[in-house]
Amino acid sequence: MDISARLEFQRLRQMAELSLEEAATLTFVSERQARRYEDITEAGCDPSPLALEALRRAARRSEPVQPIVTDLKERNQTPFRFIDLFAGIGGLRRPFEEIGGKCIFTSEWDRFSRQTYAANFHDDPLAHEFAGDIRPYAAEPSRVPAHDVLLAGFPCQPFSIAGVSKKNALGRPHGFLCDTQGTLFYDLAKILAHHRPAAFLLENVKNLESHDRGQTFGTIMNVLAAELGYRVQYRVISSHPWVPQRRQRIFIVGFRDDTDFDFDQLEVPEGRQPVLGDILEAEPSSKYTLTHHLWTYLRNYKAKHANAGNGFGYSVFGPGDVTRTLSARYYKDGSEVLVEQKGRPPRRLTPRECARLMGFDGPRGERFRIPVSDTQAYRQFGNAVVVPVVRAVAKLMGPHIQAALSPPARAEGSWKELMVASG
């Protein structure tokens, strides 16, 4: 079974805005066969190269003109190229497109996240490579196209509180001692060292700053600033001014050349703070209501830990509240963010409400496509960034990216790269 070909069939069909019936007609197969092409769990025939090429041509014809380019010309701004590493479902990408960026390379290893990403970003496969594992590209960085800005929400599990606690309990190494995910930062650094883009934005969990008594974060900053020579700033930002969720993440910004970028100038919304009621669906399905058995279990579990002096347990929120952090484990029981319901057990958030809570949709939005199961959607949103927070960071970075792309800055950057390459 060629899973990548099946995901590509679905991605191209959605880019071309074709129904399964229309895609079947275009590729000369039955609608049932077209449906099997997109089913990554069923054994059977994979889409042929000719079928994929037919969809590719249809996708090119239906690709809309991007209005941002015209707007940039009116503002005398230069479009810039960026790459999206450890991309998840694209939370870093959209805000940088809004300030004039064009994504030319994406890397994401999880096939379900790739499915959601492809459903929401219609890239020309001839001009945009969608890679899985980034490590082969880091081993040969020239395979990654030249770019002006690098975005990366590099894997956070080795540095998160939950991840560290779990690995400690199992007696396993974590952080930079981890033999798997912990080394991916160095793969990212290899790409930065080879291409030396004008700017980068990295995102991670708040605990990155304090992990291993600050040694992990110190190592990262040393690599970025001392070894790679970037002007680096960071800031821990809470999502609550933008969405009704208390979610703190660390954002690291670097510029290759001198700049007056100042993270303290970040624009934070003022006035009325968003609350949970802003993003709730009017009539959610009853399937999201907890069973009486699960609700009883969660209450007993919380009472047991309360008697032991621990703070573990569920949290129930009303429409006027602000939630805890949504996590990737939400699919298990939803216990960290339950929605109160009068006269019956509380319920989980729906995937659509999670999209709104993370800012992929507006408070009443429905535009973000969720083509995966509820379980996968919960994992994806729990691992994602809050889009409006990234939008504020991108807006702050925008003028400095433009300044770095001006002809003098480009020439200086090329001269410096030449000097580094020549020793």
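Readers should treat all values here as calculations from the given coordinates under stated rules, not as data from a laboratory. Predicted model only: the values in this text are computed from it and were never measured. FYI the Cβ positions are ideal-geometry reconstructions off the backbone, even for glycines, and counts take in every protein chain you see.
Using 0.36 nm times the number of residues separating residue 375 and residue 219, minus their current alpha carbon distance, what extension gain do you get?
Full extension of this stretch gives 52.6 nm more.
Counting pairwise Cα distances across segment 3-62, what percent come out greater than 19 angstrom?
Of the Cα pairs, 14 percent sit more than 19 Å apart.
Hey, which aspartates and glutamates would be in cross-link range of residue 287, C-alpha to C-alpha under 20 Å, not counting anything within fewer than 8 residues on its own chain?
Of all the aspartates and glutamates, those that pass the test against residue 287 - Cα under 20 Å, at least 8 places apart if same chain - are 333, 336, 340, 353, 366, 374.
If each of residue 233 and residue 28 carries a label point 7 Å out from its Cα toward its Cβ, how far apart are those two points in nm?
Each label point is offset 7 Å from its Cα along the Cβ direction, giving 6.0 nm.
What list of ³J(HN,Hα) couplings, whole Hz, do you get for segment 90-98 from phi and the Karplus terms 6.51, -1.76, 1.60, once you set θ to phi - 60° and write x for glycine and proline?
The phi angles translate into x, x, 7, 5, 4, x, 7, 5, 5 Hz.
Could you check the spin-label model distance between residue 248 and residue 53? Points 7 Å from the Cα along Cα→Cβ, value in nm.
Result: 5.6 nm between the two label points.
If you project the alpha carbons of segment 276-383 onto their three principal axes, what span does each projection cover, largest first, in Å?
The Cα atoms of segment 276-383 stretch 45, 29, 23 Å along their principal axes.
Take 211, 400 and order them by how many other Cβ atoms sit within 10 Å, fewest up front.
400, 211
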